[in-house]
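A short worksheet on the structure shown next.
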Amino acid sequence: MSVFGVLTGGGDCPGLNAAIRAIVRGSIAQGHTVVGIRQGWRGLAEPDVVPLDRRAVAGILPRGGTILGSSGWNPFREAGGIEGLTETTRALEIAGVVAIGGEGTLGVAHLLHTELDYPVVGIPKTIDNDLAGTDVTIGFDTAVHICTEAIDRLHTTAESHNRVMVVEVMGRNTGWIAAASGISGGADVILVPELPTAIEDVCDRLRQRHADGKDFSIVVVAEGYPLTRRSGEQQGPVVQDVDTYGYARLGGIGRVVAEEITRETGYETRVTVLGHVQRGGTPTARDRFLATRLGLRAAELAAAGSWGRMAAVRGMEIVDVSLEEATRERRSVPPAWIAASGIVE
Ligand code: F6P
């Protein structure tokens, strides 16, 4: 019988609790015990650990957020971080850790495994859906659902007032949420970092809609979109500051795009920044189902001592891939999605 640790790192998302529950139940079924590590990697270095039995995870399946708390604390950047982490692992006789995270958290997991032979497996989560090695990440479906509902709501008020509604969504450096929710909500323009449409083309499309008698429009813009001109000149994306993993914190491009549209077309324009609403609340059934299946696979990987792997999705199947593959590069929106969103004429 072994003791496994589980942690959630980086930005939270709906579905994390479903994954924690599955890891606990899956591990117990195989005769192991689980401890929860609080606040991401920090809880291992500055020990903050709670026992997780079946009772501790009862009722958490539909709850958003994470019962363990989360942080972007990085042991490679903090003095004594690695020493603390290895000491706690030894002292609590933790046989291995299941890290539920995105690029940053799993990047740390990969480094720990390759540099220190640390026993860790990963589970992919991020509303951004930008992790390689898996078709989809926990949280993405719920975020797309929330954004699509917002776009539907904005449609009716846009129509009443003949306005252009600019909706800024998250996604960091990729446009997965913008493309999926924009397509699902029937947005008229979708702006993503992968293939940034020139603002002049955006304005032409809005004028064309007016000429066709449609004097309202919905523009969905990913926070990572750089304002782009036909000349090829680019501004942005708009950066607020830098987070603990060293990634730029984005936000604000919606206002810039709206100002450009108003100046160019004279149309009345409003901006909605969906922000952290996209990460809050109850997970969709699809995210609960995904998180449960990934959690169970991670428990199997841990029980088998298959360290350095990440539970992942390929088509309809749950598979596992190396953490190296998962963190090697960021996954962009495929060209077919971009074509489907009408970005390419
Ligand atoms: O990675 C998830 C995400 O929500 C991104 O889409 C967004 O850019 C970022 O996290 C926001 O980070 P924070 O919660 O630190 O403001």
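Just report the Cα centroid separation between the range 148-219 and the range 35-95, whole Å.
41 Å
At 1.4 Å probe size, what's the solvent-accessible area of residue 76? Round to the nearest 10 Å².
Solvent-accessible area, nearest 10 Å²: 80 Å².
What is the gain in length, in nm to one decimal, between residue 77 and residue 48 on full extension, counting 0.36 nm per residue of separation less the C-alpha to C-alpha distance?
Gain in length upon complete extension: 8.5 nm.
Just for the chain, what percent of DSSP beta bridges are antiparallel, to the closest 5?
35 percent
For the pair residue 248/residue 159, report the inter-label distance in nm, with labels modelled 7 Å from Cα in the Cβ direction.
Here the modelled spin labels are 3.7 nm apart.
Over 18 Å, how big is the tail of the calculated P(r) for the range 249-345, in percent of all Cα pairs?
For the range 249-345, the share of Cα pairs beyond 18 Å comes to 71 percent.
DSSP loop trypsin sites (Lys or Arg not before Pro) in the range 14-119 with at most 14 other Cβ atoms within 10 Å of their Cβ, which ones?
54, 55, 77
Would you mind computing, in nm to one decimal, how far apart the modelled labels at residue 306 and residue 149 are, each placed 7 Å from Cα along Cα→Cβ?
Going by the 7 Å Cα→Cβ label model, 3.6 nm.
Loop only per DSSP, at most 15 neighbouring Cβ atoms within 10 Å: give me the GluC sites (Glu not before Pro) in the range 282-338, ordered by residue number.
Passing sites in the range 282-338 are 329.
How many percent of all Cα-Cα pairs in the chain sit more than 25 Å apart?
52 percent
Kindly write out, for the range 195-206 in residue order, the coupling ³J(HN,Hα) from the Karplus curve 6.51 cos²θ - 1.76 cosθ + 1.60 (θ = phi - 60°), rounded to whole Hz, with x marking Gly and Pro.
Per-residue couplings from phi come out as 9, x, 5, 5, 4, 4, 5, 4, 5, 4, 5, 5 Hz.
Starting from the amide H of residue 136, placed 1.01 Å from N in the peptide plane, find each other amide H under 5 Å away whose residue is 5 or more places distant or on another chain.
313
Counting other Cβ atoms within 10 Å, which GluC sites (Glu not before Pro) in the range 32-127 have at most 16 and lie in a DSSP loop?
Here the GluC sites (Glu not before Pro) that fit, given the DSSP loop and packing criteria, are 78, 93.
In degrees between 0 and 90, to the nearest 10, how far off the longest principal axis of the chain does helix 103-116 point, with axes built from Cα atoms?
Between helix and principal axis, roughly 30 degrees.
Determine, from the Cβ-Cβ distance of residue 92 and residue 339 and an R0 of 51 Å, the FRET efficiency 1/(1 + (r/R0)^6), rounded to the nearest 0.05.
Using R0 = 51 Å, I get an efficiency of 0.50.
Write down the Å³ per residue value for the convex hull defined by the alpha carbon atoms of the range 103-199.
Measuring per residue, one finds 99 Å³ for the Cα hull of the range 103-199.
Amide H neighbours of residue 72 under 5 Å, counting only residues 5+ apart in sequence or on other chains, H built in-plane at 1.01 Å?
Amide H to amide H, under 5 Å and 5 or more residues apart or across chains, residue 72 pairs with 10.
The values are calculated or read from the model by the stated rules, or taken from the named source; none is laboratory data. Everything numeric in this text was worked out from a predicted model, so none of it was measured. Cβ sites come from the backbone with ideal geometry, for glycine too, and all protein chains shown count toward neighbours. With ligands, DNA and RNA removed, areas are computed over all heavy atoms of the protein, side chains included. Shrake-Rupley method; radii C 1.70, N 1.55, O 1.52, S 1.80 Å.
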